[in-house]
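Each value in this text was obtained by applying a stated rule to the coordinates, not by laboratory testing. Predicted model, so just to flag it, every value in this text is computed and none were measured. Positions of Cβ are generated from backbone atoms using ideal geometry, with glycine treated the same way; all protein chains shown enter the neighbour counts.
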């Protein structure tokens with residue numbers, strides 16, 4: 001966990017002059033599985049398996065028909081047609097885990113006495129604690145967990161997910177001492193509602 005006294009951190013640079021930084025941290029690093037993988041892994045294996053089987057069959061036909069250019073032409077089209085589906089299958093089976101790890105490696109979280117911050121690359125998502133409808137917590141036995149701001153989506157993939165037809169979901173994903181951060185946010189929200197200084 002990053003010390004809140006580090007003025008050079010990406011989160012500290014986003015703190016306004018009338019705010020006080022209470023906590024900052026980062027999501028869990030490396031390959032991470034989420035509840036969404038209960039459905040995504042079987043689906044990706046089915047998709048990828050079918051796409052690879054299709055491409056293998058078409059390429060096998062192409063090898064046999066290579067001496068006949070008129071027969072090879074439609075087979076060549078189907079071989080090219082299958083490539084994007086194979087690439088999507090590879091991404092769903094394994095690529096998305098590395099992309100997710102890459103995104104989390106550049107993500108930083110922060111809580112001030114007024115806002116929750118998600119800093120990723122050159123973008124900043126800031127949520128006003130006073131106007132938040134709800135904060136949801138999912139905690140593991142190790143004490144790590146996820147805080148979701150707004151309606152909880154258990155099948156959200158990473159730090160910012162989007163359900164079908166829904167606005168983006170903002171969350172602190174896989175943070176250490178999630179219960180302590182949750183209480184800190186709730187105390188700051190209570191102070192804002194009462195008009196007192198936290």
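With a point put 7 Å past each Cα toward its Cβ, work out how far residue 139 is from residue 87 in nm, to one decimal.
According to this spin-label approximation, the distance is 4.5 nm.
Working out 0.36 nm times the residue gap between residue 99 and residue 53, then minus their Cα-Cα distance, what length gain in nm do you get to one decimal?
Gain on stretching residue 99 to residue 53: 14.0 nm.
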